[in-house]
Amino acid sequence: MTPWRADGIDYWMSHDNNGYSGTWENAIFPEAMLKDIFGMIEHSTDKTLLETADAEISEFALLFRLRGDKYRRCVVLYRCVASRPNIGSSGSTGRGEPQPQTVNITAMPRGDAAVKCCTTADSPTTAVSGWFSSVYEMPTSSSGG
């Protein structure tokens, strides 16, 4: 929210939807993601992954389901970028606790202004069951829905 002040009060409030930002935590990010999104290079013989200082981080869509939601709502954030994952390690405490990897993530509006889409309690089973097959695009129609 951005206030516009006049006569010593917040006269009008502007609301911009420039997306979302937050932290994504994973036990370990998959190798495909490290290569496709974070630009790491896999050596063909040794099968090692090299991170370079000049690697380009690619935009991606993030699809997920809300845990504990009785309607099993699904969400897609369309235009995401993320920081490089941390190493996910710490000093030994003797307890063997897992150390997840984390990234900072930002979801921005696309050129058509779409930021996020989610299923609802009334979404048909076909929409929910196929959610993770491909990135969902809302059908276009003259009625707007």
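The values are calculated or read from the model by the stated rules, or taken from the named source; none is laboratory data. Model, not experiment: these values are computed from the prediction. All Cβ positions, glycine included, derive from the backbone under ideal geometry; neighbour counts span all protein chains shown. What goes into the accessible areas is simple: the full protein's heavy atoms, side chains included, and nothing from ligands, DNA or RNA. Shrake-Rupley method; radii C 1.70, N 1.55, O 1.52, S 1.80 Å.
For a protection proxy built on the mean count of beta-carbon atoms within 10 angstrom, sort 39-47, 97-105 highest first, please.
Values: 39-47: 10.4, 97-105: 13.9.
With the highest mean Cβ count within 10 Å placed first, the list reads 97-105, 39-47.
Residues with beta-carbon under 10 Å from that of Leu34, excluding Leu34: net charge, scoring Lys, Arg +1 and Asp, Glu -1?
Details: positive: Lys35, Arg84; negative: Glu31, Asp36, Glu42, Glu51.
Every neighbour counted, the sum reads -2.
Hey, rough spin-label estimate for Thr125 and Arg65, points 7 angstrom out along Cα→Cβ, what's it come to in nanometres?
Between Thr125 and Arg65, the simple spin-label model gives 1.4 nm.
Please list Phe38, Phe64 in order of solvent-accessible area, largest first, computed with a 1.4 Å probe with all protein chains present.
Numbers: Phe38 0, Phe64 65 Å².
Of Phe38, Phe64, the descending order of accessible area is Phe64, Phe38.
Could you state how much accessible area Glu31 has, in square angstrom rounded to the nearest 10, with a 1.4 Å probe and all protein chains kept in place?
Near enough 120 Å² of accessible area.
At 7 Å along Cα-to-Cβ for each site, give me the label-to-label distance between Thr45 and Met108 in nm.
Label-label distance for Thr45 and Met108, simple model: 4.0 nm.
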